[in-house]
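Written below as structure tokens is the structure these notes are about.
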Amino acid sequence: MPNFCPDCGNKLKSPSPNFCPNCGKALGPPKIHKKVHPKMRTDTKTSIHELGTKLEECVETILVGMGFQTERRKRIKGKISGVLHEIDVIARKGDICWAVECKNLKSRVGKELIQKFHSTLQDLGPKWNGIFISYKGFTQPAEEYAEHFNIKRWDPERLKEEWFAVSIGRAEYATLGKKKTVKNALPLNFNFSQATKLTLLNKDKIRATGMLSYTPYYSIDYSYHVWFKDPTKKTHTFKDSDKVVVNALDCSVLNPSKRSSTVTKTLKLVLSKEARQTAKRTTTLLQEILDGVSDKEYDVEGGEKYTVRILEPVINPRAAKKEAIDFVTTENTETIKYRTQDGHLKTITYSPKRKNINIKSVTLVNVPRWDITFDVFNKTYSREMLACSGTVLEDSIQYCPKHTGLFKKETIAACEICGQALCEKHVFQCPTCGKWLCEEDGTFCASCGRTFCHDHISLFCGVCSKPLCSDCKVTCPSCEKIFGQKHVVSCSKCGKEICSDCSITIGRIRRKNVCKECGQ
């Protein structure tokens, strides 16, 4: 910098002044304003990929807290196709292996993504079990498909429950011999034995474990009754009373929106794909809370095969009350039509004021739910049951995966090799040892059609080379070859029973089968 001001010539005392103290001349370096091209500006919103990565980290933390050994973003080669599949999270505990798919999309996961994940599981092999986790939840067809093909799913509510229990530690546990007192809970009408009841013919070989979880909700009773005058002085009356249920973990409202005051709105609601695919889980849970009457308190204790978890509220009653008022305000916002004196049709929007909404009570309700896991020969199945009413939210062991849609069939037994629970058309019992087997893991006798385990069928038909059981084997007196009864031919002359390879046909008009000795 110069020692003198270029304008007034005043001597500068400071070595690097920003302006001249005599005339005010700016002496600092000029500011350069760089123009940023719109395409070069970075978006402050987190990308979907980054959100997905965080979700995977969250899920891995939960699974590690549950005692699983985990790996993330690992590629596994498919046994059928040989294609490499990238698995978001792999969780192992003993002989159980889980492939976990995490999705943090802007909308609910649809059936197509569940089908793609199911194809991946089939390619990986029968020992793999699947968990699909969606932060936005699932459409109804996606839930039905996942349950039918034994794909466990975590919706936002389940994910948050597990996260609060593991990461924040806002949970108490009751084990065998260690009781805990739970307050304001719905009554426990269904115990562990009732929740794990099975009708499978080999249920004695199935191991059931579980957790009884108490999840907190706020049931908020309100009423609303106001009069409003439009610009023409016409009075409009608005009245509403109901209960709003708020999740005490994340302050989300369970109640569905009922805003359909006009025929057009009603038709849109009916025809809306989102409305038709609303998950039944939330509706069932809402009904459980509204219909149930909570006890003041009672003691719970874990068992040999299950533990009890009591989640503590994260949201206080005041925050829940505010959320309920916001929901009621939105639901009761109305558009009023009126005509002016000159005949013009106009509209005015009326939203209720907070002071007009009367909150009668805010009640904490702890909802008990059984989360059951069935270990079936290295295959796992899940069942969720509301412990107050006994309503089943999910049961992946109930229906045979070979039948879909309207033709569902209930399972009768589980294959004791691969663990698939199947219906009477797709699972068979070995006549020798009584072991239940599926079509893939059993061996059919070519003669009688019965299914045997590999240990009890070792013969092969000498005629067709197909498996043959010991009850159906016949020894040919001519060639001494073992063959099945399906290929027995009786000689028309001597009556000897021979195999079809040792018989010949004689006669032009009346054709007869005879053995080679009689045909010579």
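A compact table of results
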quantity	calculated
Full-extension gain in nm, residue 425 to residue 456, via 0.36 nm per residue minus C-alpha separation	9.0 nm
Estimated distance in nm for a label pair at residue 334 and residue 234, the labels positioned 7 Å out from Cα along Cα-to-Cβ	1.2
Reachable lysines, given that their alpha-carbon falls under 18 Å from the alpha-carbon of residue 179 and they are not under 8 places away in the same chain	296, 305
16 Å Cα-Cα reach of residue 360 towards lysines, excluding residues that sit fewer than 8 places from it in its own chain	239, 243, 321, 322
Entries in 54/74; 425/481; 379/425; 160/205 that, when Cα-Cα distance is taken, lie over 22 Å	425/481; 160/205
Tilt relative to the chain, helix 317-331 - C-alpha long axis, 0 to 90 degrees, to 10	90
Derived scalar couplings ³J(HN,Hα) [the stretch 111-127; Karplus, 6.51 cos²θ - 1.76 cosθ + 1.60; whole Hz; x for Gly, Pro]	4, 4, 5, 5, 4, 5, 5, 5, 4, 4, 4, 5, 6, 5, x, x, 6
Euclidean distance between Cα centres, the stretch 161-198 to the stretch 456-501, Å	62
Gain upon complete extension [residue 226, residue 314; 0.36 nm per residue less C-alpha separation]	28.3 nm
Within straight-line cross-link reach of residue 493, aspartates and glutamates at Cα separation under 15 Å, skipping those fewer than 8 residues along the same chain	517
Carbon + sulfur, % of accessible area of the chain - ligands and nucleic acids excluded, 1.4 Å	50
Gained length - residue 96 relative to residue 197, 0.36 nm times residue gap less alpha-carbon distance	34.1 nm
Whole-number accessible area per residue in Å² for the stretch 366-508, which is evaluated in the context of all protein chains at 1.4 Å	46
Relative contact order of the chain, defined on C-alpha pairs under 8 angstrom at six or more residues apart (%)	12
Label-point gap, in nm, between residue 287 and residue 439 - each point 7 angstrom along Cα→Cβ	3.6
Under Karplus coefficients 6.51, -1.76 and 1.60, residue-wise ³J(HN,Hα) of the stretch 284-297 in Hz, glycine/proline x	5, 5, 4, 5, 4, 6, 5, 7, x, 10, 7, 7, 5, 6
Filter on 116/152; 229/258; 93/402 - keep pairs with C-alpha separation over 18 Å	229/258; 93/402
Cβ-defined net charge surrounding residue 196, 13 Å radius [Lys, Arg +1; Asp, Glu -1]	-1
Accessible area (Å², 1.4 Å probe, nearest 10) - residue 487	50
Nonlocal amide H pairs with residue 295, under 5 Å, H built at 1.01 Å	185, 186
Largest-first ellipsoid semi-axes for the chain, taking √(5λ) over the Cα gyration tensor eigenvalues, angstrom	67, 36, 27
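The values are calculated or read from the model by the stated rules, or taken from the named source; none is laboratory data. Keep in mind that this is a model prediction, so the values were computed, not measured. Note that each Cβ is placed from the backbone with ideal geometry, even for glycine, and that neighbours are counted across all protein chains shown. Ligands, DNA and RNA are excluded from the accessible area calculation, which covers all protein heavy atoms including side chains. Shrake-Rupley method; radii C 1.70, N 1.55, O 1.52, S 1.80 Å.
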